[in-house]
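Beneath this line is the structure, given in structure tokens, with notes to follow.
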Amino acid sequence: MSRSLIFLLVICSFVCQAQEKYTINGTIRDASNGEALIGVTVYIKEIKNGTTTNEYGFYSITLPKGTYTVDYTYVGFQPVVLTVTLEKNLQQSVELKPEAEQLQEVVVQAELEQANVENLEMSTNKLEIKTIQRTPMLFGEADLLRSLQLLPGVSTVGEGASGFNVRGGSVGQNLILLDEAPVYNSSHLFGFFSVFNPDAVKDTKLFKGAIPARYGGRLASILDVRMKEGNSKKYEVTGGIGSVFSRLAVEGPIIKDKASFIVAARRSYIDVLARPFVPILQNGGALNFYDVTLKTNYNINRRNRVYLSAYFGRDVFRFDKTQGFNWGNSTATLRWNHLFNERLFLNVTGVYSNYDYALQFGKDDLNRFSWNSSISNFIFRPQFTYFIDSRNELNFGADVTYYTFVPAVAQGVTNGDVVDITIDRKYNLETSLYVGNSQKVSEGLSLDYGLRYSMFQYFGPGTVYTYGDTTAGIRKPVIGSRQYGKGETIASYGNFEPRFSFRIQAGSRASIKGSYNRMVQYLHLISNTTASNPLDVWNPSSNNIKPQLADQFTLGYFRDLTADKQYEFSVEAYYRTTQNQIDYIDGADLLINQYLEADLLSGVGRSYGLEFYAQKKTGRLNGWVSYTIGRSELKVDGVNRGEWYETRFNQLHNLKAAAFYDLNQRWSVSANFIFTSGTPTTFPTSRFVQQGVLIPYNAYESRNNVHMPDYHRLDISFRLEGKKVKKNGKERKNSDYWVFSLYNVYARKNPFSIYFSQSDQRTPAGQPIPSQATQLSIIGTIIPSVSYNFKF
């Protein structure tokens with residue numbers, strides 16, 4: 001009896017406490033345009049705790065009954081401080097006003113923001129669009145992916161390389177999301193520009209480790225890019241005219257403060273400008289890219305809001321009117337936000353994404369070759385957030401993705417005879433469930449833990465081949481085949497993916513953070529070129545190819561060097577092991593090969609290193625320095641005699657510096673410096689001569705046995721702001737600025753590749769045949785440029 005009574009008293013005490021707790025929630029927006037603000041700090045002074053807004057600007061905190069002081073702070077915006085009395089649930093949305101002066105805005109925010117030391121996040125980088133626009137870039141054009149490459153742990157194999165590498169991972173091991181839609185090729189013009197129009201981008205976040213349970217599908221990183229919603233207050237036109245392309249964006253309210261839109265477009269015109277001087281362009285040749293980004297949203301009521309966004313981009317490279325190739329991405333995202341009650345938030349997303357390329361040669365229908373390939377998917381994704389209390393935030397949801405792979409729809413025609421070499425389509429379903437909780441245990445300890453379970457299924461119809469065993473490194477023989485019917489399961493895989501991270505406060509200005517995460521990747525980017533290119537093939541896991549798995553451990557030390565948090569320093573160590581890594585036999589045939597899987601090898605990998613990062617946030621001079629020392633290696637039976645070897649994108653040393661200096665109210669200067677160790681490549685170790693032809697030979701069967709020369713480059717840009725006041729003394733309503741940039745200031749000829757060739761000169765009898773090594777540099781000179789940017 002007494003035990004039952006005690007039990008009832010305990011239950012009643014909890015109920016009574018729950019009845020005395022209330023929730024304050026709302027949405028934080030930019031007062032100038034109505035855009036939802038991501039990551040705003042909402043701080044409750046009385047409990048010395050708080051939260052941040054989610055991807056839709058929403059926050060929720062549950063507190064005991066009482067009176068509280070709430071601080072709303074965000075970089076570049078004036079803080080808002082409110083006193084609220086919680087006697088019932090309170091809906092408190094806030095609009096933050098942008099700071100008038102950029103220097104002032106950073107100083108104010110540095111004093112109030114939840115510092116990197118106090119955040120639970122680690123191995124995460126966020127770049128503001130203002131920083132991207134001030135960073136010196138090729139042809140003076142702001143570029144998201146090139147700006148990311150200035151951060152620790154992020155690199156590229158060279159000039160003109162598509163994509164980027166993170167902590168020793170390959171380009172295909174990064175998941176790139178544009179408004180939650182996967183982007184399978186993130187570059188325009190063979191890697192010189194990214195597909196992201198800076199006029200349409202609101203927020204960019206790169207996860208290199210400590211990846212939340214809601215993300216999956218790639219081993220190395222997640223790049224989450226969020227688009228602007230469009231100005232809901234007034235109409236705006238933003239654009240720029242540059243040396244290579246021009247851009248224009250229009251945004252404004254459909255219904256003021258209720259519905260808005262944005263449409264942004266870009267088009268390059270290298271071929272237009274060069275046409276009078278280049279004969280191939282006068283005969284129907286083309287070299288250009290274009291893209292269109294659009295988004296609209298409608299606020300149905302306080303509890304419901306819908307968003308629709310889309311992207312379409314294409315690169316065109318034609319030799320004449322009938323020959324050439326083109327490639328591009330198209331995406332569409334439909335989202336619904338719903339607030340069930342004061343603490344339960346739902347986002348439901350539907351996504352369509354497609355990447356395709358088409359190649360055609362031949363001047364007439366009797367002699368031609370055509371090849372079309374694509375990967376497309378449909379995604380359904382419900383995501384819930386339950387704000388339990390001021391110390392716990394629970395996230396749970398699901399992902400369902402249906403893939404269609406078209407490896408090749410190809411035909412060759414010779415003298416009218418048609419040969420069809422089309423490869424069967426592949427159909428796959430990837431599903432996952434996840435749950436994760438972010439918990440503040442005490443003032444000195446915070447945890448984030450979760451679990452994701454993913455399943456991948458490979459369906460018919462299609463012909464599936466079975467391969468026999470052979471000597472490692474030799475093409476496997478086909479020993480059987482089977483035809484599967486529509487919807488019949490060919491292969492299936494399932495994996496648990498645990499996630500865990502912690503933060504331990506080490507005094508008021510320092511913290512120690514650590515994390516572990518397992519990632520699983522069911523898609524494989526098949527490419528054995530130096531850099532990713534538009535014709536690379538995506539291939540799903542199958543009965544012959546197992547999914548890739550990675551386990552990453554990270555440990556870091558974070559410190560604010562000064563009390564006002566102007567100077568920040570961090571160091572992170574990471575160690576990642578990978579399984580089922582793809583490599584290729586020597587002479588592998590990767591394009592339009594129905595027996596492709598016979599040329600693939602599988603092994604293990606490891607990458608490890610240290611990342612150092614120091615930043616000055618405020619003042620007329622600010623910027624950062626990052627240095628990464630790391631290795632990335634593979635061990636594959638049949639390659640390099642079965643011993644460990646460096647990956648093609650391994651870089652031992654990686655040093656970057658970015659600096660921004662305001663000369664006065666109108667002039668500012670920015671500079672970048674990059675130094676990286678030369679990437680590995682494979683050189684022949686010997687040679688032999690056959691009928692007067694010199695044939696290089698790798699006698700030791702080594703892979704990536706030498707290193708290219710080191711890469712280094714300095715870029716500088718000057719920015720001139722337009723006058724803010726007219727001659728009559730009135731303030732201008734419009735704004736504009738000029739960018740004058742110098743890329744590769746000291747004209748460094750950085751090597752992209754080195755190849756060997758036989759000398760053209762006749763060799764006297766009895767003398768060895770001379771050979772030569774040729775270094776290819778994509779950019780070997782200084783590139784000046786001017787661009788003009790405007791907003792009205």
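The values are calculated or read from the model by the stated rules, or taken from the named source; none is laboratory data. None of the values given here were measured: they were computed from a predicted structure. All Cβ positions, even for glycine, are placed from backbone atoms using ideal geometry, and neighbour counts span all protein chains on display. Heads up: the accessible areas ignore ligands, DNA and RNA and are worked out on the full protein's heavy atoms, side chains in. Shrake-Rupley method; radii C 1.70, N 1.55, O 1.52, S 1.80 Å.
Mind sorting out which of (i) 210; (ii) 316; (iii) 268 is the real volume of the Cα convex hull per residue in Å³ computed from the coordinates?
(i)
What is the distance, in nm, between label points placed 7 Å from the Cα along the Cα-to-Cβ direction at PHE688 and at LEU776?
Each label point lies 7 Å from its Cα, and together they span 2.8 nm.
Between THR529 and LYS727, how high is the FRET efficiency from 1/(1 + (r/R0)^6) when r is the Cβ-Cβ distance and R₀ = 35 Å? Nearest 0.05.
Efficiency, from the Cβ-Cβ distance: 0.05.
Full extension from GLU95 to ILE47: what is 0.36 nm times the residue separation minus their Cα-Cα distance, to one decimal in nm?
Length gained between GLU95 and ILE47: 14.9 nm.
Search the structure for amide H atoms under 5 Å from the amide H of ARG687, placed 1.01 Å from N in the peptide plane, and list their residues when 5 or more places away or on another chain.
Those qualifying (amide H under 5 Å, at least 5 residues apart or on another chain) are TYR697.
Count charges around ASP599 for me, please; just the other residues with Cβ under 11 Å from its Cβ, Lys/Arg as +1, Asp/Glu as -1.
Overall, the nearby charge balance is -2.
5 Å is the cut-off here: which amide hydrogens, built 1.01 Å from N in the peptide plane, fall below it relative to ALA259, excluding neighbours closer than 5 in sequence?
ILE254, ASN299
Relative to the longest principal Cα axis of the chain, at what angle does helix 2-19 sit, 0 to 90 degrees, rounded to 10?
Taking the Cα atoms of the chain, the angle to 2-19 is about 80 degrees.
By how many degrees, 0 to 90 and rounded to 10, does the Cα axis of helix 102-112 deviate from the longest principal axis of the chain?
60
Which whole-Hz ³J(HN,Hα) couplings does the range 393-399 yield from phi under the Karplus relation 6.51 cos²θ - 1.76 cosθ + 1.60, θ = phi - 60°, glycine and proline marked x?
Running phi through 6.51 cos²θ - 1.76 cosθ + 1.60 with θ = phi - 60° gives 10, 9, 10, 8, x, 8, 9 Hz.
Can you check what the net charge comes to around VAL418, using other residues whose Cβ is under 14 Å from the Cβ of VAL418 (Lys, Arg +1; Asp, Glu -1)? Walk me through the numbers on the way to the answer.
On the way: positive: ARG368; negative: ASP364, ASP365, ASP417, ASP420.
Overall, the nearby charge balance is -3.
At a Förster distance of 56 Å, what's the computed FRET efficiency of VAL413 paired with TRP336, Cβ-Cβ distance as r, to 0.05?
Numbers: r = 49 Å, r/R0 = 0.87.
Calculated transfer efficiency: 0.70.
Name the residues of the range 23-44 whose amide N is less than 18 Å from a point 7 angstrom out from the Cα of LYS130 along the C-beta direction?
Within reach of a label on LYS130, which here means backbone N under 18 Å from a point 7 Å along Cα→Cβ, the range 23-44 contributes 29-41.
How high is the FRET efficiency between LEU82 and ASN392 when r is their beta carbon distance and R₀ equals 25 Å, given to the nearest 0.05?
Given R0 = 25 Å and the Cβ-Cβ separation, E is 0.60.
Between LEU445 and ALA472, what is 0.36 nm times their sequence separation minus the Cα-Cα distance? Round to one decimal in nm.
Result: 4.7 nm gained on full extension.
Could you tell me the relative contact order of the chain? Use alpha-carbon pairs under 8 Å, at least six residues apart, and round to a whole percent.
10 percent.
Which peptide among 644-653, 700-709, 220-229 comes first, and what is the full order, when sorted by highest mean count of other Cβ atoms within 10 Å?
220-229, 644-653, 700-709
So what are the ³J(HN,Hα) numbers for the range 31-42, from phi and the Karplus equation (6.51, -1.76, 1.60; θ = phi - 60°), rounded to whole Hz, Gly and Pro as x?
Karplus-based 3J(HN,Hα) across the range 31-42 equals 5, 7, 9, x, 5, 5, 9, 8, x, 5, 7, 10 Hz.
Under a Cβ-only charge scheme (Lys and Arg +1, Asp and Glu -1), can you give me the dipole magnitude of the chain about the Cα centre, in debye to the nearest 20?
On the way: 83 positive and 72 negative charges, 311 e Å.
Here the size comes out at about 1500 debye.
Within the accessible area of the chain, what % is carbon and sulfur when the probe is 1.4 Å and the other protein chains stay in place?
The nonpolar share, carbon plus sulfur, comes to 58 percent.
If each of GLN761 and LEU561 carries a label point 7 Å out from its Cα toward its Cβ, how far apart are those two points in nm?
Label at GLN761, label at LEU561, 5.6 nm between them.
Output wanted: per-residue J couplings in Hz (rounded whole) for the range 539-548, from phi through Karplus 6.51 cos²θ - 1.76 cosθ + 1.60, θ = phi - 60°, x for Gly and Pro.
Ordered by residue, 3J(HN,Hα) equals 10, x, 4, 8, 5, 10, 10, 7, x, 7 Hz.
In whole angstrom, how far apart do the alpha carbon centroids of the range 234-275 and the range 645-690 sit?
So the separation of the two Cα centres works out to 32 Å.
Given 0.36 nm per residue, what is the gain on full extension from ASP551 to LYS363 after removing their alpha carbon distance, in nm?
62.5 nm
Take each of the peptides 286-298, 665-677, average the number of other beta-carbon atoms within 10 Å over its residues, and list them starting from the highest.
The packing order, highest mean first, is 286-298, 665-677.
Show me the ranking of peptides 493-501, 34-42, 762-770 by mean Cβ neighbours inside 10 Å, starting with the highest.
34-42, 493-501, 762-770
Say the dipole of the chain comes from +1 at the beta carbon of Lys and Arg and -1 at that of Asp and Glu; which of VAL636, GLY76, VAL166 then lies farthest toward its positive end?
Of the candidates, GLY76 comes out farthest on the positive side.
Could you pull the Cα extents of the range 617-680 along its three principal axes, largest to smallest, in whole Å?
Dimensions of the range 617-680 along the principal axes of its Cα atoms: 62, 16, 12 Å.
At 222 nm, what value in deg cm²/dmol follows for the chain if DSSP H runs of at least 4 each add -39500 (n - 2.57) and the sum is divided by all its residues, to the nearest 500?
-1500 deg cm²/dmol
Amide H of ILE490: which non-local residues (sequence gap of 5 or more, or other chain) have their own amide H closer than 5 Å, using H built in the peptide plane?
Close amide H contacts, sequence-distant or interchain: TYR458, PHE459, GLY460.
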